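Taking it in order: structure first as structure tokens, then the write-up.
The values are calculated or read from the model by the stated rules, or taken from the named source; none is laboratory data. Source: prediction; values computed, not measured. Ideal geometry is used to build each Cβ from the backbone, glycine not excepted, and the neighbour counts take in all protein chains shown. Ligands, DNA and RNA are excluded from the accessible area calculation, which covers all protein heavy atoms including side chains. Shrake-Rupley method; radii C 1.70, N 1.55, O 1.52, S 1.80 Å.
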Amino acid sequence: VDVFQAWCGPCKPVVNLFQKIRNEVGSSLLHFAVAEVDSIDALEKYRGHCEPVFLFYSGGELVAVVRGADAPLLQKTILEQL
């Protein structure tokens, strides 16, 4: 989940990375979503930050968090979690 604030928007460059990985591993294993922290109370702790935050869930549980648009770290985290 790409967590963002309305004033800065979701991290568009990372969408291409997710699409590339999804094509490589299969569409049924990887799902990408965006969530605006200003409208979701459960994400309140992510408000006020100007860096992108990516939350990784498996089986409904938060399993990893990546702060910043670090493509190699995002790819590594995705592949580890899959």
The lone condition residue 35 fails out of (1) touching a strand residue (DSSP E or B) at 6+ places or on another chain (Cβ under 8 Å); (2) aliphatic (A, V, I, L, M); (3) closer than 21 Å to residue 76 by Cβ; (4) surrounded by 13 or more Cβ atoms within 10 Å (Cβ to Cβ) is (3)
Residue pairs qualifying under the 8 Å Cβ cut-off, at least six apart or on distinct chains, with the first in the stretch 6-28 being more than 19 Å from residue 79 (Cα to Cα) and the second being open to solvent by 100 Å² or more (accessible area, probe 1.4 Å), are 8/50
Hey, residue 54 modelled with pLDDT under 85 and out of contact with any His (no Cβ under 6 Å at 6 or more places or on another chain) or not: no
If we keep only residues of the stretch 5-22 that are open to solvent by less than 30 Å² (accessible area, probe 1.4 Å) and not in a helix (DSSP H, G or I), then the residue farthest from residue 60 (Cα to Cα) is 9
